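Asker: Starting off with a structure, shown below.
The values are calculated or read from the model by the stated rules, or taken from the named source; none is laboratory data. Computed from a prediction, not measured in an experiment: that's the story for all the values here. When we count neighbours, we look across all protein chains shown, and the Cβ atoms used for this are built from the backbone with ideal geometry, even at glycine.
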Amino acid sequence: MPETLFTVFANLFERGRLAAGESALIHGANSGIGVTAILMAKAAGAKVFATCRGMEKAANARALGADVVIDVQTEDFAGVVETAGGVDVVLDIIGGDYFGRNIQVLKTDGRLVQIATLGGAIVQTDLLQMMFKRLTLTASTLRGRHADEKARLTAAIRAEAWPWVEAGRLRLPVDRRFPLAEAAAAHRWLESGSQFGKVILIP
């Protein structure tokens with residue numbers, strides 16, 4: 001929980017400034033970051049759009065609380081989100097060819113938060129579109145942060161997000177548990193992309 005909680009809070013809420021009454025697009029709804037982001041965004045009072053691959057993962061994302069779930073194997077997420085009026089914040093772990101479509105679906109004064117590049121780190125975009133919409137592009141990683149910054153972030157999470165955990169509003173789904181001796185099998189399962197939520201190694 002700490003890794004995903006810290007990542008989502010720092011990016012979706014601090015850098016992305018997601019607020020109650022706004023909307024967010026969360027890519028990779030089945031990942032540890034994705035499920036945490038859906039739960040935290042809903043707890044904060046936001047409308048959540050989520051992308052995933054496959055009907056089963058889509059059903060799981062809806063059960064988790066996502067308002068609109070888009071199966072990217074059968075639907076164009078940009079078309080669906082644009083038709084619904086766009087979003088205020090995009091939390092993206094894909095990059096690559098998602099980048100331009102993320103810009104496309106953001107509302108005026110929207111924020112794109114990039115935290116991984118599973119689809120590629122080199123992108124092209126229309127800067128004029130970003131200018132006309134007054135968009136903010138931000139990106140970060142938790143790695144390499146100084147101890148005092150991590151302490152500040154811990155205090156902010158304790159004050160603002162931990163009450164959701166204590167109230168039972170933030171229960172992260174566990175997909176599978178593997179004995180530590182089967183760590184290689186756990187990695188293969190993750191690499192298959194079949195999980196929904198966290199995969200845990202048991203000592």
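Asker: I need the full set of residues from region 155-165 which are part of a helix (DSSP H, G or I) and either among the hydrophobic types (A, V, I, L, M, F, W, C) or in contact (Cβ under 8 Å) with a residue 24 or more places away in the chain (or both), in order please.
Answerer: Correct list: Ala155, Ala156, Ile157, Ala159, Glu160, Trp162, Trp164, Val165.
Asker: Being outside any loop (DSSP other than H, G, I, E, B) and among the hydroxyl-bearing types (Ser, Thr, Tyr) narrows it down to one residue among Thr117, Thr108; which is it?
Answerer: On inspection, the qualifying residue turns out to be Thr108.
Asker: Within region 166-203, track down each residue that is in a loop (DSSP other than H, G, I, E, B) and over 24 Å from Cys52 (Cα atoms).
Answerer: Ala167, Gly168, Pro203, listed by residue number.
Asker: For region 135-146, what are the residues that are in a loop (DSSP other than H, G, I, E, B) and either of a type in the set (Asp, Glu) or under 19 Å from Asp92 (Cα atoms) (or both)?
Answerer: The answer is Leu135, Ser140, Thr141, Leu142, Arg143.
Asker: Would you point out the residue of region 130-170, among those that are of a type in the set (Phe, Trp, Tyr) and within 14 Å of Phe9 (Cβ to Cβ), that is surrounded by the most Cβ atoms within 10 Å (Cβ to Cβ)?
Answerer: For region 130-170, the residue satisfying everything is Trp164.
Let's see how each residue does on (1) within 21 Å of Gly28 (Cα to Cα); (2) assigned by TED's automatic domain parsing to the domain that holds Ala37:
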position	(1), (2)
Val69	yes, yes
Thr74	yes, yes
Val90	yes, yes
Asn102	yes, yes
Ala116	yes, yes
Ala121	yes, yes
Leu127	no, yes
Glu149	no, no
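Asker: If you don't mind, there's one more thing I want to ask. Quick check on this structure: which one of Ala66, Ala84, Ala78 is within 20 Å of Leu127 (Cβ to Cβ), out of contact with any Asp or Glu (no Cβ under 7 Å at 6 or more places or on another chain) and at pLDDT 95 or above?
Answerer: Every option except Ala78 fails the conditions.
Asker: Which residues, taken from region 73-129, are among the hydroxyl-bearing types (Ser, Thr, Tyr) and surrounded by fewer than 19 Cβ atoms within 10 Å (Cβ to Cβ)?
Answerer: Across region 73-129, the qualifying residues are Thr74, Thr83, Thr108, Thr117, Thr125.
Asker: Next up: Among the strands (runs of 3 or more DSSP E) confined wholly to region 1-83, which include 1 or more residues that are touching a residue at least 60 places away in the same chain (Cβ under 8 Å) and touching a strand residue (DSSP E or B) at 6+ places or on another chain (Cβ under 9 Å)?
Answerer: The strands (runs of 3 or more DSSP E) meeting that bar are 23-26.
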